[in-house]
Amino acid sequence: MAALRAIAVLVFLALSGGNPAFAQGGGSTFSSDELVRAGHRFFGGVSRDLALLIEQAASRWGQPNGYILGEEASGAVTVGLRYGEGALYTRNAGDLKIYWQGPSLGFDLGGDGARTMMLVYNLRRIDDIYNRFIGISGSAYFVGGLGMTALTWSGIVVVPIRSGVGVRLGANVGYLKFTQRSTWNPF
């Protein structure tokens, strides 16, 4: 339990401290309006709440230089697993298919399926996305919900915004590992 608390404190400090956003080229980022339009097409009816979450992320980390649209499924009974697939959109490197998976550990119970938009900040090279991004997540929904978390690795911040259905309650620490190919191995 002490180790879990220590990890949570380190992740919180990594996400809240330092520069809110690295300097990124003006032509390589996505504006909040562009993200809201893409999210509206992808999510549909939850666009008002989505716009608020995107604005909240933009005020904290600036304008992202990439975003991912995809779908995922996850479940947990203390230990959880999450699997997803989608497309990474960037201005300078084009679009590419991407997969993610990862374990979690915490006070967490339930399962859900979600449409997911992930805002990607400070991505220097396209290959930098293929790493493990650690973060703290919390879920509380019965039938449906919308939520945002933040994950980080080496100065890159990934902010998943999920609109899901299922029954889920809890908080956990975990990571997402992004890959070029689908795999069942979450580690």
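Every read-out reported here was derived from the displayed coordinates using simple, explicitly stated rules and does not represent laboratory data. Predicted model, so just to flag it, every value in this text is computed and none were measured. Cβ: placed from backbone, ideal geometry, glycine included. Neighbour counts: every protein chain shown.
A few remarks follow.
- Inter-label distance for Phe187 and Ala171, nm, one decimal - labels placed 7 Å from Cα along Cα-to-Cβ: 2.7
- Estimated FRET transfer efficiency (Phe142, Ser28; beta-carbon r; R0 45 Å; 0.05): 0.65
- Note on the range 123-187: the alpha carbon radius of gyration divided by the globular reference 2.2 N^0.38 Å gives 1.24.
- Point-to-point label distance, Ser154-Arg41, nm (Cα→Cβ direction, 7 Å offset): 3.1
- Using θ = phi - 60° and Karplus 6.51 cos²θ - 1.76 cosθ + 1.60, couplings along the range 146-156 (whole Hz; Gly, Pro as x): 9, x, 9, 9, 9, 10, 9, 7, 6, x, 8
- Sparsely packed trypsin sites (Lys or Arg not before Pro) within the range 95-187, loop by DSSP, other Cβ within 10 Å at most 10: Arg125, Arg181
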